[in-house]
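Colleague: Sharing a structure, written as structure tokens. Questions coming.
The values are calculated or read from the model by the stated rules, or taken from the named source; none is laboratory data. Source: prediction; values computed, not measured. With ideal geometry, Cβ positions are generated from the backbone for all residues, glycine too; neighbour counts draw on all protein chains shown. What goes into the accessible areas is simple: the full protein's heavy atoms, side chains included, and nothing from ligands, DNA or RNA. Shrake-Rupley method; radii C 1.70, N 1.55, O 1.52, S 1.80 Å.
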Amino acid sequence: NDADYAFVSVGNKHIRFWSMSRRQLSTKWDIESNTSSFRSSILCCDWLLPEICVVGDATGALMAYTQGRKKPLPGADASSPLPPREAKGVLCGKLEDIHTKGVTAISKCKFLKGNTFATGGGDGAVAIRTLCVREEDRTLCHKEKIRFNLSELGTGNKAFDAVVSLAWGEESRDD
């Protein structure tokens with residue numbers, strides 16, 4: 001099997017970037033520094049752009065990481081396949097206070113143009129957002145398009161309205 005995989009796992013105060021190439025699994029705990037510096041649990045993640053992984057934590061922050069590629073093999077040219085991803089993530093942006101009770105769900109919409117994604121929180125809110133990378137300085141730009149609270153639309157019982165998962169339907173469209 002010559003497949004190359006890159007993925008990320010999250011959990012109690014950690015993010016772990018993985019790469020697997022030709023059945024060789026590797027990982028590094030390092031993300032710019034020691035992951036033990038996370039003060040809260042990392043609750044969810046999703047790849048929004050080919051090079052940007054976004055994670056949500058229990059404090060309500062949304063953080064974006066890049067996962068670079070390994071150096072090409074000697075003799076590789078422009079027609080060679082891309083080298084596999086490194087097993088390391090680098091923080092490239094952070095948005096504080098996205099949700100008041102933690103970011104508990106992130107989901108990219110593969111049916112819409114423009115890197116549209118949704119976040120859900122323990123506060124019962126869902127927000128539709130866009131994310132892009134400015135070409136001139138490689139900084140992240142973010143826009144919240146709409147926000148609604150399930151407590152106002154759903155059961156009326158805030159204990160039951162925390163968002164734990166989000167998924168987009170094929171009928172999604174942006175007018």
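Colleague: Just the residues that are open to solvent by 90 Å² or more (accessible area, probe 1.4 Å), under 19 Å from residue 112 (Cα atoms) and among the basic types (Lys, Arg), please, taken from the range 131-152.
Modeller: Hits for the range 131-152 are 143, 147.
Colleague: Now, a different point. Within the range 80-112, how many residues are modelled with pLDDT of 65 or more, in a loop (DSSP other than H, G, I, E, B) and surrounded by fewer than 19 Cβ atoms within 10 Å (Cβ to Cβ)?
Modeller: The qualifying residues number 7.
Colleague: Quick test of your reading of the structure: residue 53 fulfils all but one of (1) open to solvent by less than 40 Å² (accessible area, probe 1.4 Å); (2) over 20 Å from residue 120 (Cβ atoms); (3) modelled with pLDDT of 65 or more. Name the failing condition by number.
Modeller: Failing condition for residue 53: (2).
Colleague: Being at pLDDT below 90 and over 14 Å from residue 13 (Cβ atoms) is the filter here; which residues of the range 56-70 pass it?
Modeller: The first filter runs over the range 56-70 and keeps only residues at pLDDT below 90, leaving 63-70.
Scanning the range 56-70 gives 64, 65, 66, 67, 68, 69, 70.
Colleague: Please specify each residue of the range 153-170 satisfying the condition of being open to solvent by less than 100 Å² (accessible area, probe 1.4 Å) and modelled with pLDDT of 75 or more. Walk me through it before giving the result.
Modeller: Pass one, the range 153-170, residues open to solvent by less than 100 Å² (accessible area, probe 1.4 Å): 154-157, 159, 161-163, 165-169.
161, 162, 163, 165, 166, 167, 168, 169, listed by residue number.
Colleague: Is it fair to say residue 19 is more than 12 Å from the chain's Cα centre (by Cα), modelled with pLDDT under 85 and either outside any loop (DSSP other than H, G, I, E, B) or surrounded by 14 or more Cβ atoms within 10 Å (Cβ to Cβ) (or both)?
Modeller: When the stated conditions are applied, residue 19 passes them.
Colleague: Could you please give the count of residues in the range 113-122 that are open to solvent by 10 Å² or more (accessible area, probe 1.4 Å) and within 12 Å of residue 56 (Cβ to Cβ)?
Modeller: 1
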